[in-house]
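Reading through the structure tokens given below for one structure.
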Amino acid sequence: MIPIVIDTDPGQDDAVAILLALARPDIFDLSCITAVAGNVPVAQTALNARRIVELAGHPEVLVYAGAAAPLVLPLTTAEFVCGPDGMDGAGLPPAALPPEAGHAVSVLIETLQRAPATICALGPLTNLALALRLAPEIAGNITQVVLMGGAMNLGNITPAAEYNFYADPHAAAVVLNAGLRVTLIGLHLTLSAIASPAHVARIATLNTATSRAVHGMLTRPRPGNLGSNGHPMHDVCVPGYLAWPELFTGRDCHVGIDTSDGDLRGRSTIDWHNRLKRPANVFVLDSIDATVFFDRVIDALALLP
Ligand code: BDR
Ligand code: CA
């Protein structure tokens, strides 16, 4: 089993990523979920995480709210993609229970001081960067960070940048330069992680509360100009990679982050061909077998109520 913490800003694709982790306790030992401001403000991302664990029949999973704003820049949310509550299409009731009282950054530190864990980072990297700044020794207990962020090609929130890195570029720079083992799953890969019509139809046939929520999120109207038809399941690739690394390819690269507040804010410069001759700091994934991936994700979702 892989001990993990999920740091997240649900978000429809975050929701499906969390569901995948909860569906496979034989693979993932989930210690807790830490929420961060991103797609919507942190009070709502924490409540959304509660709604997801309750949907999955795991109300015992602890959810903590963390940073309300990026390290330096003001928060940019993405309701225009995710809807007013961040989980448009899911049709879920409000959370029955509130998040826990502790702060997500303190909980990340305490969890990593106790035992090694892999961080599944599905949103802006603010919580993790703060934890590393407050308690740098936790780096030694981070087995790896598998993150959704960045892009080798065009961005989505701007032409230059993917949303998670754009939202908190300074936090991304902290995490990428902390000497950790980091696996990066960027838009160049996740824009291929789109469920086919046959996959979407199969989700509908599961006819469970979970499948109805996932089906609703995958079939909701999609705003234009986002660079894909259908809803890419960006964040699902994070637990997907940990569970089934054989479905992905990648290589070690140097990755730099633009922390300016201009047009290039949050851009990831991925030196795929090692032109800069700098030491690699990131394992960058570049391909996914999306057909087998969605077969397996749906098999897993079928295990939930
Ligand atoms: C990332 O941004 C968020 O809106 C998604 O949840 C994903 O983490 C994609 O750019
Ligand atoms: Ca996310």
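In table form, for the structure just shown:
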item: For segment 233-305 versus segment 194-232, the gap between their alpha-carbon centres in whole angstrom; result: 21 Å
item: Protection proxy ranking, peptides 95-107, 272-284, 63-75, average beta carbon neighbours within 10 Å, highest first; result: 63-75, 95-107, 272-284
item: For the chain, size of Cβ-based charge dipole, Lys and Arg +1, Asp and Glu -1, in debye; result: 300 debye
item: Ordering of 12-20, 263-271 by burial proxy (mean other Cβ atoms within 10 Å per residue, highest first); result: 12-20, 263-271
item: Overall form of segment 41-111 per C-alpha gyration tensor (a/c, 1.5; a/b vs b/c); result: oblate
item: Which of Ala161, Leu75, Leu303, positive extreme of dipole for the chain (C-beta unit charges); result: Ala161
item: Isotropic mean projected area of the C-alpha convex hull, segment 69-221 (nm²); result: 10.9 nm²
item: Beta bridge orientation in the chain: antiparallel %, DSSP, nearest 5; result: 30 percent
item: Highest average packing first - 123-130, 81-88, 142-149, Cβ atoms within 10 Å; result: 123-130, 142-149, 81-88
item: All-pairs alpha carbon distance profile, the chain, 20 Å steps from 0, percent; result: 38, 60, 3
item: Most to least accessible of Ser260, Ser211, Ser228 (protein chains only, probe 1.4 Å); result: Ser260, Ser228, Ser211
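The values are calculated or read from the model by the stated rules, or taken from the named source; none is laboratory data. Quick caveat, the model's predicted, so the values are computed rather than measured. Here Cβ is always computed from backbone atoms with ideal geometry, including for glycine, and neighbour counts include all displayed protein chains. The area values use the complete protein model at the heavy-atom level, side chains included, leaving out ligands, DNA and RNA. Shrake-Rupley method; radii C 1.70, N 1.55, O 1.52, S 1.80 Å.
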